[in-house]
Amino acid sequence: MEKHTRKEDWIAMLTGTFLVAQGVFLLQAGQLLTGGAAGLALLLSQILPLSFGWLFFLINSPFYLLAWKRFGHQFAINSAMCGALVSVLTDHLALVISFSNAEPAFCALAGGVLMGLGMLILFRHRASIGGFNVLCLYIDDKFSIPVGKSQMAMDCVILAVSMFFVPGQTILTSIFGAVMLNLVLAMNHKPKRYIVTYR
């Protein structure tokens, strides 16, 4: 399979991060959580006086080192840029869009699907949003455990911990969103069907 051009990678990274940011924004509108670094940042943003964007980038930072070591400098740089873009976009989307009625179930469905599609685009263009995405790609690369399955396991841990801080109904709806996200990844991210090189 012909390698993506750098221009195609840049366009894909902008598209992917925009979709992920929209997904996170919908989860915020429904006062929901998700798994991974994004879920941890959403949870902490309800407790600490810091925005989602700042928390998301800080949580992700150590994982960029893993990305550099395992997948090479280009993948790590791409992922750091994508993580920064998601942080900035999510924190500023409220300037251009707002919701007068945000039904949590719809926010979970649409937010999960948008985040999954955004991550899928990034994975196929040698990038990620960092955090547990990098760890899941490492697990997939090293042990051939699908990204969707390892992501789902980590998401369950994050959401289980969240039960101590948010109502049960919020957790159940958030789990629905996390399942949708991981279904998108599990059904569509199959590297052996096409060539993906990170270096």
Return the residues of the stretch 177-199 that are surrounded by fewer than 15 Cβ atoms within 10 Å (Cβ to Cβ), part of a helix (DSSP H, G or I) and either out of contact with any helix residue (DSSP H, G or I) (no Cβ under 8 Å at 6 or more places or on another chain) or at pLDDT 90 or above (or both); say none if nothing qualifies. 192, 193
Check residue 111 against each of (1) farther than 13 Å from residue 16 by Cα; (2) touching a helix residue (DSSP H, G or I) at 6+ places or on another chain (Cβ under 6 Å); (3) in a helix (DSSP H, G or I); (4) at pLDDT below 95 and name the one condition it does not meet. (4)
Answer residue from the stretch 2-38, given it is in a loop (DSSP other than H, G, I, E, B) and of a type outside the set (Val, Ile, Thr) and is farthest from residue 173 (Cα to Cα) among those: 2
Among residues belonging to the stretch 84-122 that are under 19 Å from residue 52 (Cα atoms) and among the β-branched types (Val, Ile, Thr), point out the one that is surrounded by the fewest Cβ atoms within 10 Å (Cβ to Cβ). 96
Quick check: is even one residue across the stretch 65-82 within 28 Å of residue 170 (Cβ to Cβ) and either of a type in the set (S, T, N, Q) or in a loop (DSSP other than H, G, I, E, B) (or both)? no
Within the stretch 47-62, residues being under 14 Å from residue 91 (Cα atoms) and in a loop (DSSP other than H, G, I, E, B) number 3
Selection within the stretch 144-176 - at negative phi and assigned to a loop (DSSP other than H, G, I, E, B): 145, 146, 163, 164, 165, 166, 167
Please verify whether the stretch 32-42 includes one or more residues that are polar (S, T, N, Q), crowded, with 22+ Cβ neighbours inside 10 Å and in contact with a helix residue (DSSP H, G or I) (Cβ under 9 Å, 6 or more places away or on another chain). yes
Pick out the one residue from 76, 12, 21 that is over 13 Å from the mean Cα position of the chain (by Cα), among the aliphatic types (A, V, I, L, M) and modelled with pLDDT of 95 or more. 12
Output the residues belonging to the stretch 114-143 that are under 11 Å from the mean Cα position of the chain (by Cα) and not in a helix (DSSP H, G or I). 128, 129, 130, 131
Matching residues, the stretch 85-108, being without any contact (Cβ under 8 Å) to a residue 60 or more places away in the chain and touching a helix residue (DSSP H, G or I) at 6+ places or on another chain (Cβ under 7 Å): 87, 88, 91
Any idea which residue in the stretch 128-155 is surrounded by the most Cβ atoms within 10 Å (Cβ to Cβ), counting only those that are touching a Gly at 6+ places or on another chain (Cβ under 7 Å) and more than 17 Å from residue 184 (Cα to Cα)? 130
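The values are calculated or read from the model by the stated rules, or taken from the named source; none is laboratory data. Since the structure is predicted, the reported quantities are computational estimates derived from the model, not experimental observations. Please note: Cβ atoms are built from the backbone with ideal geometry, for glycine as well, and neighbour counts cover all protein chains shown.
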